[in-house]
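The values are calculated or read from the model by the stated rules, or taken from the named source; none is laboratory data. Note that the coordinates shown come from a computational prediction; the quantities given were computed from them, not determined experimentally. For neighbour counting, all protein chains shown are included, and Cβ atoms are generated from backbone atoms with ideal geometry for every residue, glycine included.
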Amino acid sequence: QEQARGHNLAVFNSPASIANRISYWCNFSGPSLALDTMCSSSLTAIHLACQSLRQGNCSVAVAGGVNVSVHPNKYLMLAQGKFISGKGRCESFGQGGEGYVPGEGVGAILLKPLAQAQADGDHIYGVIKASAINHGGKTNGYTVPNPNAQAKVIERALRDGGIDARDISYIEAHGTGTSLGDPIEIAGLAKAFGQWTSDRQYCAIGSAKSNIGHCESAAGIAGVTKVLLQLKHRQIAPSLHSSVLNPNIDFEATPFVVQQE
């Protein structure tokens, strides 16, 4: 737009500069990667950082995400694709959810092998037991998630971490607040948990998106930060805009209860 006005303004728009400017400033010499896997970007960054630590490619890692809204074209795209909420809020697992609201955010976590963190006397906010990634493959549409693929990736993470699903008391969900996405997410979670137990409504579930919007490329780190703060304060934060639950989800037939207080 500035060039159209006769101003020769060039913008360096390679996402690689985000990670590599930090490595340059801090004099980090390990793997320095910028990732775009859409909403899962910051979680994928954490997953790859954990792999790098396990493989010995680095001894400490910083992983996270940043999301800013700097141009109106983004909102045109979200509106045309029917992704955006006309109500101005994310109604995660609530009745009438029709889309999401973008949120801006930045967050990062410092990762070390547990034994090293203990030896260094670090304050340890949480322990990542395992992580896993996959893709939904071909579904009814490019933006339509796959409950079977979601079930598989959750089951793999639980098995790799040696976790019994019945021992989990809280799930921080994606929970965008859409009539299609939320039921598919619950179906995937319920199928994964069903490999361990048939118990019902013992595990709280919520989404930070109801509180701060969908931070897109920083959504994952927002959820991780929420979980760590809940562990620190020994309280579960409420999921907002869900007093009347999505009628397309039969929560009583699942292991999950939406955290409303």
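For G81, the conditions (1) at pLDDT 95 or above; (2) surrounded by fewer than 11 Cβ atoms within 10 Å (Cβ to Cβ) all hold with the exception of (1).
Here's the yes/no breakdown for (1) surrounded by 10 or more Cβ atoms within 10 Å (Cβ to Cβ); (2) of a type outside the set (S, T, N, Q):
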residue	(1), (2)
A4	no, yes
N8	no, no
L43	yes, yes
R54	no, yes
A63	yes, yes
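Does at least one position in region 20-34 carry a residue that is within 27 Å of L180 (Cα to Cα), among the polar types (S, T, N, Q) and either out of contact with any Lys or Arg (no Cβ under 7 Å at 6 or more places or on another chain) or surrounded by 15 or more Cβ atoms within 10 Å (Cβ to Cβ) (or both)?
Taking region 20-34 first, the residues within 27 Å of L180 (Cα to Cα) are none.
Checked against the condition, which is being within 27 Å of L180 (Cα to Cα), among the polar types (S, T, N, Q) and either out of contact with any Lys or Arg (no Cβ under 7 Å at 6 or more places or on another chain) or surrounded by 15 or more Cβ atoms within 10 Å (Cβ to Cβ) (or both), region 20-34 yields no hits at all.
Every listed requirement among (1) modelled with pLDDT under 95; (2) over 19 Å from the mean Cα position of the chain (by Cα); (3) in a loop (DSSP other than H, G, I, E, B); (4) among the charged types (D, E, K, R) is met by D122 save one, (1). Which of the residues belonging to region 7-55 are modelled with pLDDT under 95 and on the phi > 0 side of the Ramachandran plot? Once the filter is applied, which keeps residues that are modelled with pLDDT under 95 and on the phi > 0 side of the Ramachandran plot, region 7-55 yields only M38. Being over 22 Å from A208 (Cβ atoms), surrounded by fewer than 17 Cβ atoms within 10 Å (Cβ to Cβ) and within 21 Å of the chain's Cα centre (by Cα) is a condition met by no residue of region 92-106. For A149, the conditions (1) surrounded by fewer than 18 Cβ atoms within 10 Å (Cβ to Cβ); (2) out of contact with any Gly (no Cβ under 6 Å at 6 or more places or on another chain) all hold with the exception of (2). Considered as a group, the residues in region 244-258 that are touching a helix residue (DSSP H, G or I) at 6+ places or on another chain (Cβ under 9 Å) and part of a helix (DSSP H, G or I) include one that is surrounded by the fewest Cβ atoms within 10 Å (Cβ to Cβ), and that residue is A253. From the set of residues in region 178-206 that are touching a residue at least 60 places away in the same chain (Cβ under 8 Å) and among the hydroxyl-bearing types (S, T, Y), which is surrounded by the fewest Cβ atoms within 10 Å (Cβ to Cβ)? Top of the filtered list is S179. Only residues that are among the β-branched types (V, I, T), more than 24 Å from Q235 (Cα to Cα), assigned to a loop (DSSP other than H, G, I, E, B) and modelled with pLDDT of 95 or more were counted in region 125-176, giving 1. Looking across region 1-31, the residues that are among the hydrophobic types (A, V, I, L, M, F, W, C), out of contact with any helix residue (DSSP H, G or I) (no Cβ under 8 Å at 6 or more places or on another chain) and under 19 Å from G107 (Cα atoms) come down to A16, I18, A19, I22, W25, C26.
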